[in-house]
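All remarks here apply to the structure that follows.
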Amino acid sequence: MNALPKFADLPHGYSVTHDTSDALLDQLIELSGSAEMIAAVPKDASERFVDRASFLQGTQQKQRSYYWLIKDDELAGIMWFHPKDPPVPLLPDTMSHTMSLRIYPKHQGRGLATPFMQIAHRDYFLQHPEATGIWVITDQSNERARHIYTKFGYQPLAVIDNRMVLLLGRLA
């Protein structure tokens, strides 16, 4: 794989890029179809990242912005944002966007989520000044995700069908 332009460097030789490559898409599709990821986020394998066409369709239709976490040309994680109203009402004139984060199993437990989120959130807010908040939703039983999100500054907003909705305002 040709080296992609680095957007930012992270600890332990990891970097973030905003650019997509065929090699990253192939890895994304393969990782999304693994048994562990299907159990955790089945929509990745069944809808979002079935193939390149489903990736491109989601990118175009939902206006997704992707950030790729890589190490030595290997996909370690992905984060994406796009405009979307949350499943609960917010204040009037709030322009909401949502975020999804994956750190793939081989790369978990290395303290990557927070610096990856810092880089991507700051850039996304710069690129989307209309975004007044970003929300996430996770299973209430997913303590690891809830810990990462609340540590980063997301605040619990509501629980719907055993799923917690958390909201983050614009970063200072």
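Each reported figure results from applying straightforward, stated rules to the coordinates on display, with no laboratory input. Just so it is clear, the model here is predicted, and its values are computed rather than measured. All Cβ positions, even for glycine, are placed from backbone atoms using ideal geometry, and neighbour counts span all protein chains on display.
Percentage of Cα-Cα pair distances in the chain greater than 26 Å, rounded to whole percent? It would help to have the intermediate numbers written out before the result.
On the way: 3819 of 14706 pairs.
When all Cα pairs of the chain are counted, 26 percent exceed 26 Å.
Footprinting exposure proxy ranking of MET95, MET117, MET37, fewest other C-beta atoms within 10 angstrom first, gives MET95, MET37, MET117. Within the chain, antiparallel bridges make up roughly 90 percent of the DSSP beta bridges whose residues both belong there.
Suppose only helical runs count, i.e. DSSP H with n ≥ 4. What mean residue ellipticity at 222 nm does that imply for the chain under -39500 (n - 2.57) per run, divided by all residues and rounded to the nearest 500 deg cm²/dmol?
On the way: 5 runs with 53 residues, N = 172.
Roughly -9000 deg cm²/dmol at 222 nm, from the helical runs in the chain.
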